[in-house]
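Structure record follows, encoded as structure tokens.
The values are calculated or read from the model by the stated rules, or taken from the named source; none is laboratory data. Bear in mind that the values here come from a model prediction, so they are computed numbers and not experimental data. All Cβ positions, glycine included, derive from the backbone under ideal geometry; neighbour counts span all protein chains shown. Accessible surface areas use protein heavy atoms only, side chains included; no ligands, DNA or RNA. Shrake-Rupley method; radii C 1.70, N 1.55, O 1.52, S 1.80 Å.
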Amino acid sequence: MDDFTPEQVARGRALRRAQVPWALGGRAAGLLLTLVLGLTPAGAGLVTAVGGLFGGSRTAEVLGGTAVLVLLGQAVGLPFTARVRAIRTGYGLVTQGWGGWALDVLRGLALTLPLALAAVYGLYALTEWSPQHWWLPAAGVAALLVAALSFLYPLLVEPVFNRFTPMEPGPQRSALLRLAERDAIRVKDVLVADASRRTTALNAYVSGLGATRRIVTYDTLLHTAEPREVELVVAHELGHVKHRDVLTGTLLGALGAALAVCLLGLSAAWQPLLSAAGAPGVADPRSLPLLAACAAVLSLLAGPPQCAASRRIETRADRHALELTADPDGFIAMQRRLAVANVSDVDPPRLLELLFATHPSAVRRIAAARAWKP
């Protein structure tokens with residue numbers, strides 16, 4: 001804690017205390033809505049009613065029910081998201097106007113809704129083909145879908161929300177390319193994301209796989225941090241590539257998706273749940289809210305283990321950055337800058353960290369850098 005002034009520590013804690021209740025409230029509201037619709041006949045009635053507006057066919061119920069569940073989930077979470085955004089605006093972390101934010105919400109919905117409609121339509125096609133064993137092929141499709149999205153995300157999704165321009169030739173670009181070369185990592189290019197349109201937060205990452213791999217830095221990082229600090233942030237991100245974290249994460253994500261579908265198939269076939277949901281069987285579109293509720297519970301249970309794994313991966317990437325640069329003092333300075341610029345709680349309550357944190361706290365990362373020896 002001696003690395004931060006009392007004012008910096010207090011500011012980070014104040015932001016955490018202001019936004020965490022709203023962030024958790026949004027999660028709780030979304031989960032409650034999903035459980036109410038999935039574990040009572042209300043969800044089945046909603047699917048029937050919406051399907052009836054479009055002719056009442058099985059396909060109308062599947063697609064209409066999926067659309068209304070996605071839209072309801074978005075609507076319930078939106079006030080909480082907006083409140084968190086307003087709080088962060090008060091701390092100077094948001095630069096985008098409300099109109100731009102609303103446009104981003106619509107863009108996200110335009111990406112999410114077609115994917116959800118296609119996935120659920122395919123799922124119910126499989127339940128019609130085999131009401132008992134649909135989850136076996138569905139597990140394989142889910143795994144393939146996760147792998148495909150991991151590869152396509154930097155090519156198709158990232159450009160929807162940010163503009164990327166090649167970094168101008170100069171010392172900074174040359175230093176980052178030399179860093180990747182010294183790490184024996186091939187990168188296609190060094191890009192700058194126009195993050196300042198939305199935030200003052202600092203970040204960088206390595207995006208893509210194989211021939212699509214590129215180093216991406218926020219323009220806020222380039223304008224705020226020292227060149228050496230930018231190198232250290234990128235060195236951390238190169239650590240993820242060196243240890244194949246993206247590939248491993250994709251494979252584990254695919255395996256997790258397949259396992260989740262299997263568990264979903266087993267839980268949704270349990271007759272007491274189907275009776276509570278008012279659905280005669282899993283092949284009936286009225287089971288859709290029940291499947292959504294089971295998926296939400298599985299996601300909730302998987303959250304803390306996923307966070308724990310992420311913290312270990314981030315710790316390993318920190319160690320890689322230290323080994324690559326042999327500059328613990330620079331690493332510590334970089335962590336200070338990131339924590340202050342992002343108004344982070346540098347030493348959050350341990351329970352919050354265990355349940356929700358994907359990265360170690362700034363205090364832990366700095367302590368690990370001081371303990372590191374070449």
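Annotations
- Among the residues of the stretch 77-92, those that are in contact (Cβ under 8 Å) with a residue 24 or more places away in the chain and within 19 Å of the chain's Cα centre (by Cα) comprise GLY77, LEU78, PHE80, THR81, VAL84, ARG88.
- Exclusive hit being at positive phi and over 24 Å from the mean Cα position of the chain (by Cα), set ALA184, ALA175: ALA184
- The set of residues in the stretch 336-361 that are in a helix (DSSP H, G or I), buried (at least 16 other Cβ atoms within 10 Å of the Cβ) and not basic (Lys, Arg) comprises LEU338, ALA339, VAL340, ALA341, GLU353.
- Flag if LEU191 is surrounded by fewer than 23 Cβ atoms within 10 Å (Cβ to Cβ), over 18 Å from the mean Cα position of the chain (by Cα) and part of a strand (DSSP E or B): yes
- Residue among GLY256, GLY281 that is in contact (Cβ under 8 Å) with a residue 12 or more places away in the chain, of a type outside the set (A, V, I, L, M) and in a helix (DSSP H, G or I): GLY256
- Residue within the stretch 51-73 that is among the aliphatic types (A, V, I, L, M), in a helix (DSSP H, G or I) and over 30 Å from the mean Cα position of the chain (by Cα) present: yes
Conditions (1) of a type in the set (Lys, Arg); (2) open to solvent by 40 Å² or more (accessible area, probe 1.4 Å); (3) at pLDDT 95 or above; (4) part of a helix (DSSP H, G or I), marked per residue:
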position	(1), (2), (3), (4)
LEU274	no, no, no, yes
ALA309	no, no, no, yes
ARG312	yes, yes, yes, yes
THR315	no, yes, yes, yes
ASP318	no, no, yes, yes
MET334	no, no, no, yes
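- Flag for THR325 being surrounded by fewer than 20 Cβ atoms within 10 Å (Cβ to Cβ) and farther than 14 Å from VAL233 by Cβ: no
- Neighbours by Cβ (under 8 Å, 6+ apart or cross-chain): first from the stretch 171-184, open to solvent by 10 Å² or more (accessible area, probe 1.4 Å); second outside any helix (DSSP H, G or I) and of a type outside the set (Lys, Arg): ARG173/MET167; ARG173/VAL190; LEU177/VAL187; LEU177/VAL190
- Options THR217, THR250, THR199: the member that is open to solvent by less than 50 Å² (accessible area, probe 1.4 Å), over 27 Å from VAL84 (Cα atoms) and of a type in the set (Val, Ile, Thr): THR250
- The combined condition, being over 20 Å from the mean Cα position of the chain (by Cα), within 27 Å of ALA147 (Cβ to Cβ) and in a helix (DSSP H, G or I), is not fulfilled by ALA235.
- Per this entry, GLY77 is not counted among residues that are within 22 Å of ALA276 (Cα to Cα), part of a helix (DSSP H, G or I) and not aromatic (Phe, Trp, Tyr).
- The single condition from (1) open to solvent by 50 Å² or more (accessible area, probe 1.4 Å); (2) at pLDDT below 90; (3) under 26 Å from LEU322 (Cβ atoms); (4) of a type in the set (A, V, I, L, M, F, W, C) that LEU209 fails is (1).
- Subset of the stretch 96-145 [more than 26 Å from the chain's Cα centre (by Cα) and of a type in the set (A, V, I, L, M)]: ALA125, LEU126, LEU136
- Scanning the stretch 188-202 finds no residues that are closer than 27 Å to ARG311 by Cβ and of a type in the set (Asp, Glu).
- Against the test of being part of a helix (DSSP H, G or I), of a type in the set (Ser, Thr, Tyr) and either modelled with pLDDT of 95 or more or open to solvent by less than 40 Å² (accessible area, probe 1.4 Å) (or both), the options THR89, THR112 yield a single qualifying residue, THR89.
- In the stretch 135-155, the condition of being hydroxyl-bearing (Ser, Thr, Tyr), within 17 Å of THR66 (Cα to Cα), open to solvent by 70 Å² or more (accessible area, probe 1.4 Å) and in a helix (DSSP H, G or I) is met by no residue.
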